[in-house]
1. Give, in nm to one decimal, the length gained when the segment between R21 and A89 is fully stretched (0.36 nm per residue of separation minus the Cα-Cα distance).
2. Run the simple label-point estimate for E33 and Y137 please: 7 Å along Cα→C-beta, distance reported in nm.
3. Would you mind checking which residues have amide H under 5 Å from R123's amide H? H placed 1.01 Å from N; only 5 or more apart, or other chain.
4. Name the residues whose placed amide hydrogens come within less than 5 Å of the amide hydrogen of Q102, ignoring near sequence neighbours (fewer than 5 apart) on the same chain.
5. For region 82-135, with equal point scatterers placed on the C-alpha atoms only and solvent neglected, what are the log10 I(q)/I(0) values from the Debye formula at q = 0.16, 0.29 1/Å, to two decimals?
Amino acid sequence: MLAGLRRHARQLVAELAGPVRRVRLRSGETVLEVEWHGVGAAAPAEVVASREPAPVAPPAAEPAEPAGRTVVRSPIVGTFYRAPEPGAAPFVSVGDLVRPGQVVGIVEAMKLMNEVTADRGGRVTAVLTDDGQPVEYDQPLVALEPA
């Protein structure tokens, strides 16, 4: 597990533009943290690998899906936001009609905002994740029923 995290850290640092000061990767209870002291990746790095209990959020209870109901799922691990910016109106609310390809939220991952779009149309019956909450890959975010 640790070797895989190291490999991912090297790939991530190689792909990023500009100097990197700190990288922290977590897989289950294993954490890999690299911090560079000084300027750029050529400076000495401190590598800390540990096993620590990951904060565990209670699993979201998925209600039994009625026939025809679909859910829009998270395409990535990150933080879910219902609106494009703080204080703005949410992308969708319960009762709204959604068309295929419409943005229903965003998931922030590594300071990048990833749009979450509906793959089919319908009426929003529930928003299954609170604004600003961490989400996992494939986690249900918005429930739709055919309209």
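Where a number appears in this text, it was derived from the coordinates with a stated rule and is not lab data. The model shown is predicted, which means the values in this text are computed figures rather than measured ones. Ideal geometry is used to build each Cβ from the backbone, glycine not excepted, and the neighbour counts take in all protein chains shown.
1. Details: separation 68, 0.36 × 68 = 24.48 nm, distance 3.50 nm.
Additional length available on full extension: 21.0 nm.
2. It is 2.5 nm.
3. Those qualifying (amide H under 5 Å, at least 5 residues apart or on another chain) are V98, E145, A147.
4. A118
5. Calculated log10 I(q)/I(0) at the listed q: -0.47, -1.33.
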